[in-house]
Amino acid sequence: MKIQLELGRLMTKRKISTKQQKRPLYDNPVSKWIDKRLPIFTFIRHSLDEYPTPKNLNWLWNGGSLAGITLLIMIISGITLAMHYNPDPADAFNSVERIMRDVNYGWLVRYIHVNGASFFFILVYLHMFRSMYYGSYKSPRELLWIVGVLILLLMMATAFMGYVLPWGQMSFWGAKVITNLFSAIPFVGDSIVHWLLGGNNVAAPTLHRFFALHYLLPFLIVAFVAIHLICLHQFGSNNPSGVEVKKAQDQIPFHPYYTVKDLYGLAIYLLVFSLFVFFAPNFFGEAVNYNPANPLVTPPHIVPEWYFLPFYAILRSIPDKLGGVLGMFGAVSVLFFLPWLDRSKIKSAAYRPMFRPLFWVFILNCIILGWVGAKPPEGWYLIVGRVSTLYYFAHFLVVLPVVGWMERPLTPPASISDHYKQKHKRQKK
């Protein structure tokens, strides 16, 4: 009798879902007319409403949507600032001051844009560390990871060029130091520097070029984000268990379950973001950059933005100029090969007893590199920087391959549903 009732309930549920699928997408005739010629509403429904998602995702999976919203905020605020900015060395610094003092709510738009850059990097770094912990870069999502690393590179280029635009002391000398690094590249280094600067020195052509590229690159980032989403939807999201979807019970629709979760995370994120914008707008900045650029006065300690500090520490830890440049770019380039350097078939670190502590050692090492990058390259700072640089590359080139070969991982759950049940049992206890 129980079996018959259960079969009847399932058949009724199936009939209801079939009727819902046959029901027109939108009853509004205008929407149906548009959707027939440009299926934008159908695309939204398939991508958000009906998109099947693993049902065991945790809060760490909010980072992607928050980063996308932050990118939108950055583009809108950046276009607004560009309407009032003058990319000329004689007036660039003063135009920023006019935005802060004379433009209606210009101070708010600029603080949103400046702090938005830092929060964008925070979200992307957390998103990448989460992917590394749960093995989201492994087959069949290698291309998804590679496109994400390309987005990181575009973000770095955009942020660096944007940091030069206020034309303060740190902006000017940061541009001079970083662009000069390319001269270490054999044969073509000087040509690259000349192309970047538009001449032999950081001057008006440099500012014009950086302004144009800083304006255009975010739209290129949007294009790569779209490719990133296409790659994501091809195989679906990874999950904390690292187990692929095996049955329909492993998934739930993205809406309303994860849209509500993302909205809750967005509310908390905007609250924290607003606290920095209104109460600590210069927390991530350098006080020296509030002085106009002066080519005749070198700052005592040239420091880039905080999100570049680990790579800046690697650059300075290698004595040779060319070696430092190769090390800095190699620190990002090695990420492209991560799917093939980690040979373990188990994705999630929750079932990898050797990899899990080493992952946290790697996180600590990155924090130490960022701390060293903000200090003068001398004494113990230089020694710590060199040791941390060595371990950074050793983690990818030595630790991951060896651990993947030696490790005896735990047995992951048979399905996402099993992991979901285990998690909820632990929560009830």
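Brief remarks on what is shown
- In terms of the mean number of neighbouring beta-carbon atoms within 10 Å, the peptides 236-243, 151-158 order highest first as 236-243, 151-158.
- I75, I230 arranged by Cβ crowding within 10 Å, fewest neighbours leading: I230, I75
- For the stretch 103-231: rounded, prolate or oblate by the Cα gyration tensor [a/c cutoff 1.5]: oblate
- Shape of the chain, Cα gyration tensor, a/c cut at 1.5: oblate
- Angle between the chain longest axis and helix 321-333 axis [Cα atoms, degrees, rounded to 10]: 20
- Sorted by Cβ density within 10 Å, fewest first, the residues F121, F283, F336: F283, F336, F121
- Taking Cα atoms only, the orientation of helix 416-428 departs from the longest principal axis of the chain by about 80 degrees.
- Relative contact order, whole percent, for the chain stands at 22, derived from Cα pairs under 8 Å and 6 or more residues apart.
- Within the stretch 272-429: Cβ-based charge dipole about Cα centre, in debye rounded to nearest 20 (Lys, Arg +1; Asp, Glu -1): 1140
- Comparing V325, V272, V30 in a Gaussian network model of the chain where C-alpha atoms under 10 Å apart are linked, the largest mean-square fluctuation is found at V30.
- Over 18 Å between alpha carbons, listed pairs K55/K345; K55/K423; K138/K421; K55/K421; K55/K138; K261/K347: K55/K345; K138/K421; K55/K138; K261/K347
- Selected from F276, V222, Q249, residue furthest toward positive end of dipole (the stretch 132-286; charges at beta carbon): Q249
- Calculated FRET value between T42 and I192, using beta carbons and R₀ = 45 Å, to 0.05: 0.45
- Acute angle (nearest 10 degrees) that the helix 142-164 long axis makes with the longest principal axis of the chain, alpha-carbon atoms: 30
- In sequence order, calculated HN-Hα J values of the stretch 386-392 (Karplus, 6.51, -1.76, 1.60; Hz; x Gly/Pro): 5, 5, 5, 4, 4, 6, 4
- Ellipticity estimate at 222 nm from DSSP helix runs (n ≥ 4, -39,500 (n - 2.57)) divided over the chain, nearest 500: -21500 deg cm²/dmol
- Descending by average beta-carbon neighbour count within 10 Å, the peptides 78-87, 366-375 line up as 366-375, 78-87, the highest first.
- Fluctuation leader among I383, I318, I346 - the chain, Gaussian network, Cα springs under 10 angstrom: I383
- Within the listed set G330, G116, G168, the residue fluctuating most in the Gaussian network model of the chain (springs between alpha-carbon atoms under 10 angstrom) is G330.
- Prolate/oblate/rounded call for the stretch 264-374, Cα gyration tensor, a/c under 1.5 rounded: oblate
Coordinate-derived values only; no laboratory data. Keep in mind that this is a model prediction, so the values were computed, not measured. Positions of Cβ are generated from backbone atoms using ideal geometry, with glycine treated the same way; all protein chains shown enter the neighbour counts.
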